[in-house]
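Novice: Right, I'll just put the structure down here and ask away after.
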Amino acid sequence: MLRRVSIIFLFVITGLAAGVKSAEAYDFNVQSSNASKTKEAIVEQWLKYRPMESGGYYMDAKKIYVQAPNVEAPYAAGSIKKEYIEDGVSAVNFVRYLAGLPNDIEPDWSLQEQEQIGAMINAVNNRMSHSPSKPEGMSEGMYKLGVKGTGSSNLFWGSPTFYRNVLGYMSDSDSSNIDRVGHRRWILNPRMKKTMFGMVYSKPGTPHSAMYAFNKDRSQNEVQYDYVSWPSAGYFPKEVFASRDAWSVSLNDEKYDNERTDQIAVELTRTRDGKQWTFDKKDTNKDGKYFNVQTSNYGIPFAVIFRPDGIYGFNNDEKFDVRITGLYKVNGESAEIHFSTTFFTLESTLAPRNSIKMFVGDKLKLRLTNGAQSIKNICTSSDASKVRIDESGNVQALAEGTATISINSYFEDAGSLTIHVVKPDSSEKVSKWAYPDYMKAKSNGLVVEWHDHDYQGFVTRADFTTMAVLALETITERTLVNFDDADTKSPFKDYEDSTVAWASHHDIIKGTSENLFSPYQTLTREEAAVLLMNMYNKAVEINGSESEGAVASKAQEAFSDDSQISAWAKNKVYQAVNLSLLNGTGKNRFEPQGKLTYEQTYIMLEKLYERINE
């Protein structure tokens, strides 16, 4: 997965020209555009504008140039093939379409040399700057043209495609950019009509790129809007907006007073559970809950910026209501803005998130997420002689070895899946009674390669916890363990593991004492029931499904060995059985002290998946 190394700010330029036109005479209305967008329409535009190739490495330095650049004297900017420039423009048009803006941006070929030289200077210096120093031996004319490019462009360092650069600009939510989201606002400037891209690899091999951002060729009277927001009102694909991205609402400064801003506040409400965030000028944490009103001229010179905390991700069709108060119109009247955003899953992708093991000859139908795009899936295998995949997720293991497969891997969180194909081992087999559910669990991504073994062996506390957290990430389609967060610091003296630490901090599992985890101790069935219910409740919290209280109210006949179930586990044992997450062992017995095996664990995780996603 590629990471954005750094994005730095743009310089402020002069404001837009004044001029007002009656609403009836405008050619394009942003609010009307967003109100009319359907999922189907968004899919249609996505299929029109999606990247020229899947994955993130298709702009290899060896193939993208008509004429290759030279980052040593005598310097040469080189030129990029037309199709790669147009790929970047497609990214711009797609995000502008999502924002409700005109999506007719064209390449400005007259600026190609300027953008290439700008990217080249930063590549020569191996440093991203809007005002770079002059490389030794470069002509004054070349340097001035390059600085003209860097000074009027969004810049990127470290991402190898223009498409991903654009999506990075739209995120713009790191601590050095969140206060203004300037790169995003330039791309969403209603007056933009043209752009251009440049990319040059530094001598160490790092791509430096530039995107011309200051274009104002569109008439100010062409686009009517009250505000331009990201994410926009209406349906919005969750793939292009991360849960830690800042929201921004850029207000038309010909309608709203951008000098009376002290009273501006925001309420954001998640409708499925009524969870509400309120924002005002006290929210200044650039790494957490944040709010700012920004009036410098980055595209539209009036933006309300806010970011909620405590969101893991977005469910499919999850709706948020936005209310901005404390605004004033230019005539002095007080005003508010209200709109709703509904996040949805755009693409079908592979649900499994971690590598899996298959035996030669195995066939497996991997689960796909339910995206709005149900056609034209792009499927790839790094070695089709070993692993074959079709557009429906059917996988066949053909020969020993390793292959990486993916479906629609356009976005950084779409990911890919590594499959290791091995010879069948007659000494280690899943029990016949467990095999059907084991295969279901594997197809759903719940049986990861490094736990796919020792099927009748007793599972350890460490392995169960790791399996549980990975299963939660797969079931909820979230990345839950962020290794930089405080909740991945281990509270235990005997085991340092970020995943176990996260599970402990989030009440999935407790230690065996105040500061001991006992990682290699095995689990009993009653302990497993408690852990399963903890997982279930965490999934409910994340996904917003049924409550524990509703489960607890369901009747369950007492097991004949009820007296052997520990008091601390009894309630959750019956809850887990009521949910069909695990069953008795026959003859109305539960055997609470029986040890849990690996294959039993796979089946429990599969039952949890089915319950949460039923």
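The values are calculated or read from the model by the stated rules, or taken from the named source; none is laboratory data. No experiment lies behind these values; they were computed from the predicted model shown. Note that we place each Cβ from the backbone using ideal geometry, even for glycine, and neighbour counts take in every protein chain shown.
Novice: Based on what the data block shows, is Gly393 in contact with a Cys (Cβ under 9 Å, 6 or more places away or on another chain), under 18 Å from Ser443 (Cα atoms) and buried (at least 19 other Cβ atoms within 10 Å of the Cβ)? Walk me through it before giving the result.
Specialist: Values: in contact with a Cys (Cβ under 9 Å, 6 or more places away or on another chain): yes; under 18 Å from Ser443 (Cα atoms): yes; buried (at least 19 other Cβ atoms within 10 Å of the Cβ): yes.
So Gly393 fits the description; yes.
Novice: Could you list, in sequence order, all residues of the stretch 427-442 that are surrounded by fewer than 19 Cβ atoms within 10 Å (Cβ to Cβ) and either under 26 Å from the mean Cα position of the chain (by Cα) or without any contact (Cβ under 8 Å) to a residue 24 or more places away in the chain (or both)?
Specialist: Within the stretch 427-442, Ser427, Lys432, Trp433, Tyr435, Pro436 qualify.
Novice: Something else: With the requirement that a residue be under 14 Å from Leu346 (Cβ atoms), touching a strand residue (DSSP E or B) at 6+ places or on another chain (Cβ under 8 Å) and of a type outside the set (A, V, I, L, M, F, W, C), what does the stretch 370-396 give you?
Specialist: The initial filter retains those residues of the stretch 370-396 that are under 14 Å from Leu346 (Cβ atoms), namely 370-378.
The next check asks that each one be touching a strand residue (DSSP E or B) at 6+ places or on another chain (Cβ under 8 Å); those that pass are 371-373, 377-378.
Those that are under 14 Å from Leu346 (Cβ atoms), touching a strand residue (DSSP E or B) at 6+ places or on another chain (Cβ under 8 Å) and of a type outside the set (A, V, I, L, M, F, W, C): Gly371, Gln373, Asn377.
Novice: Oh, and also: When both residues are 6+ apart or on different chains and their Cβ atoms are under 7 Å apart, which pairs have a first residue that lies in the stretch 152-168 and is outside the structural domain of Ile117 (by TED's automatic domain parsing), and a second that is part of a helix (DSSP H, G or I)?
Specialist: Close Cβ pairs satisfying both conditions: none exist.
Novice: Before we move on, is Pro424 in contact with a strand residue (DSSP E or B) (Cβ under 8 Å, 6 or more places away or on another chain) and surrounded by fewer than 17 Cβ atoms within 10 Å (Cβ to Cβ)? Before the answer, list the steps.
Specialist: Numbers: in contact with a strand residue (DSSP E or B) (Cβ under 8 Å, 6 or more places away or on another chain): yes; surrounded by fewer than 17 Cβ atoms within 10 Å (Cβ to Cβ): yes.
It is true that Pro424 is in contact with a strand residue (DSSP E or B) (Cβ under 8 Å, 6 or more places away or on another chain) and surrounded by fewer than 17 Cβ atoms within 10 Å (Cβ to Cβ).
Novice: Can you name the residue in the stretch 564-611 that is farther than 16 Å from Leu523 by Cα and of a type in the set (Asp, Glu) and is also surrounded by the fewest Cβ atoms within 10 Å (Cβ to Cβ) among such residues?
Specialist: Glu610
Novice: Do the conditions hold for Gln116, that is, is it touching a residue at least 40 places away in the same chain (Cβ under 8 Å), outside any loop (DSSP other than H, G, I, E, B), closer than 17 Å to Met196 by Cα and under 34 Å from the mean Cα position of the chain (by Cα)?
Specialist: On the way: touching a residue at least 40 places away in the same chain (Cβ under 8 Å): yes; outside any loop (DSSP other than H, G, I, E, B): yes; closer than 17 Å to Met196 by Cα: yes; under 34 Å from the mean Cα position of the chain (by Cα): yes.
For Gln116, the condition - touching a residue at least 40 places away in the same chain (Cβ under 8 Å), outside any loop (DSSP other than H, G, I, E, B), closer than 17 Å to Met196 by Cα and under 34 Å from the mean Cα position of the chain (by Cα) - is met.
Novice: Inside the stretch 318-352, can you point out the residues that are buried (at least 20 other Cβ atoms within 10 Å of the Cβ) and outside any strand (DSSP E or B)?
Specialist: Result: Thr345, Leu346, Ser348, Thr349, Ala351, Pro352.
Novice: Check whether at least one residue in the stretch 49-64 is out of contact with any Leu (no Cβ under 9 Å at 6 or more places or on another chain), among the acidic types (Asp, Glu) and under 28 Å from Arg185 (Cα atoms), and report yes or no.
Specialist: First pass over the stretch 49-64, keeping only residues out of contact with any Leu (no Cβ under 9 Å at 6 or more places or on another chain): 49-55, 58-64.
Of the ones still in play, those that are also among the acidic types (Asp, Glu) are 53, 60.
Still in the running and under 28 Å from Arg185 (Cα atoms): 53.
Yes, because at least one residue in the stretch 49-64 is out of contact with any Leu (no Cβ under 9 Å at 6 or more places or on another chain), among the acidic types (Asp, Glu) and under 28 Å from Arg185 (Cα atoms).
Novice: Within the bounds of the stretch 187-200, is there any residue that is assigned to a helix (DSSP H, G or I), surrounded by 23 or more Cβ atoms within 10 Å (Cβ to Cβ) and not small (Gly, Ala, Ser)? Lay out the reasoning, then the answer.
Specialist: Within the stretch 187-200, the first condition is being assigned to a helix (DSSP H, G or I), and the residues that meet it are 187.
Now narrow it down to the ones that are surrounded by 23 or more Cβ atoms within 10 Å (Cβ to Cβ): 187.
Filter once more, keeping what is not small (Gly, Ala, Ser): 187.
Yes: one or more hits.
Novice: For Ser209, work out the one condition from (1) surrounded by fewer than 21 Cβ atoms within 10 Å (Cβ to Cβ); (2) modelled with pLDDT of 95 or more it doesn't fulfil.
Specialist: Only one criterion is unmet by Ser209, namely (1).
Novice: Provide a single number: the residues in the stretch 354-387 that are within 18 Å of Met439 (Cβ to Cβ) and of a type outside the set (Asp, Glu).
Specialist: First, the residues of the stretch 354-387 that are within 18 Å of Met439 (Cβ to Cβ): 354-368, 387.
This time we only want the ones that are of a type outside the set (Asp, Glu), so: 354-361, 363-368, 387.
Selection size over the stretch 354-387: 15.
Novice: Quickly run through the stretch 353-387 and pick out the residues that are within 20 Å of Val447 (Cα to Cα), in a strand (DSSP E or B) and of a type outside the set (A, V, I, L, M, F, W, C). If you could, list the steps in order and put the result at the bottom.
Specialist: Applying the first criterion (within 20 Å of Val447 (Cα to Cα)) to the stretch 353-387 yields 353-369, 387.
Checking the rest, the ones that are also in a strand (DSSP E or B) come to 356-359, 363-365, 368, 387.
The answer is Lys357, Lys363, Lys365.
Novice: A follow-up question, please. Applying the selection to the stretch 151-197, what residues are within 12 Å of Val89 (Cα to Cα) and in contact with a strand residue (DSSP E or B) (Cβ under 9 Å, 6 or more places away or on another chain)?
Specialist: Selection gives Thr161, Phe162, Arg164, Asn165, Val166, Ile187, Lys193, Lys194, Thr195, Met196, Phe197.
Novice: Restricting attention to the stretch 48-65, and to residues there that are surrounded by fewer than 16 Cβ atoms within 10 Å (Cβ to Cβ) and within 13 Å of Pro207 (Cα to Cα), which single residue is nearest to the chain's Cα centre (by Cα)?
Specialist: Tyr57
Novice: Given the structure, is Ala119 at pLDDT 95 or above and more than 18 Å from Ser202 (Cα to Cα)?
Specialist: Values: at pLDDT 95 or above: yes; more than 18 Å from Ser202 (Cα to Cα): no.
When the stated conditions are applied, Ala119 does not pass them.
Novice: When you go through Tyr290, Tyr298 one by one, which is the residue that is surrounded by 17 or more Cβ atoms within 10 Å (Cβ to Cβ), modelled with pLDDT of 95 or more and within 29 Å of Gly544 (Cβ to Cβ)? I'd like the intermediate steps shown before the answer.
Specialist: Numbers: Tyr298 fails: within 29 Å of Gly544 (Cβ to Cβ).
Just one listed residue meets the conditions, Tyr290.
Novice: If you go through the stretch 150-174, how many residues are at pLDDT below 95 and of a type in the set (Ser, Thr, Tyr)?
Specialist: 1
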